[in-house]
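The structure appears right after this line, and notes come after that.
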Amino acid sequence: MTPVQTTSAELSRRRDARRNRTLIIEAAREVFATGGFAAPLDAVARRAGVGRGTLYRHFADRYALAVAIFEDNVRDIERLAEEYDGRADAFDALLRAVVDHQVRSHGLFQAVSKGAEAPDLQALADRIVRVFAGPIRRAQEDGAVRVDLQPTDILDVMRMVAAVIEGEDDLARRRSAATRALDLLHHGLRG
C-alpha cells in the first residue's frame, strides 16, 4: 500500500468510528429514556445497528456512555449560553433547554445523581453550574429571579424535575409533567 492508500483507509475507518460513536450515543439516549439507565447495553447496540464489540470499543461501560450523552447535552447548553449571552431571557432559555434534555435523556438521572462517585459526571454538572452563573446574575439584576438563587441551585431544580418525570415512559407525558413542574418552580424562583 502506498502512503496515500493507507491514509485514505485510515480516514475511512475514522469516519466510520465517529459515525458509530454517534449512532451508539443516540441509541443509548433512546434506550435509556424508555428502559432506564439499567436497560441492557445489548439493546443499545441493536438500536445503533452495531455489534457489542463496537459498542465496548467506544464505551467501557454504561457510565462511560452516560458521560458521553451528558457531555453532548452540556455542549448543547454551552452553545445556547453563547447564543443568549447578555440577553435578558438567557436564564429562562437555558433552564428550558436543560429541562428539555432531561425529558429526552431522563434515564440518565440515575447516573448523574451519583455525584462524587462519578467524577466525570460531576465535572459535567460543574460546567452546567458555570454556564448558569452569568444568566442568573443578569436575571437577579432584572428582578426576574430571587436574589438568593445560586447557580448550584440549578442542580436541585434538575433533581426536582427528574423526580417528577421518573417512571413516566411516554415522552409526551414526560414533557408535559416537566413543563408543569418547571412552571411551578418558576414561581418559587421569582422574587
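Projected onto their three principal axes, the Cα atoms of the range 9-59 cover extents of 38, 16, 15 Å, largest first. Compactness of the chain was expressed as the Cα radius of gyration divided by 2.2 N^0.38 Å, which yields 1.17. Computed over Cα pairs, the Kirkwood radius of the range 1-104 leads via Stokes-Einstein (1.567 mPa s, 4 °C) to a diffusion coefficient of 83 µm² per second.
Within the chain, the selection of entire DSSP H helices by a Cα span of 24 Å or greater along the long axis and an average Kyte-Doolittle value of at least -1.0 returns 3-35, 62-83, 119-141, 171-189.
Any read-out appearing in this document is the output of simple, stated calculations on the displayed coordinates, not a laboratory observation. The model shown is predicted, which means the values in this text are computed figures rather than measured ones.
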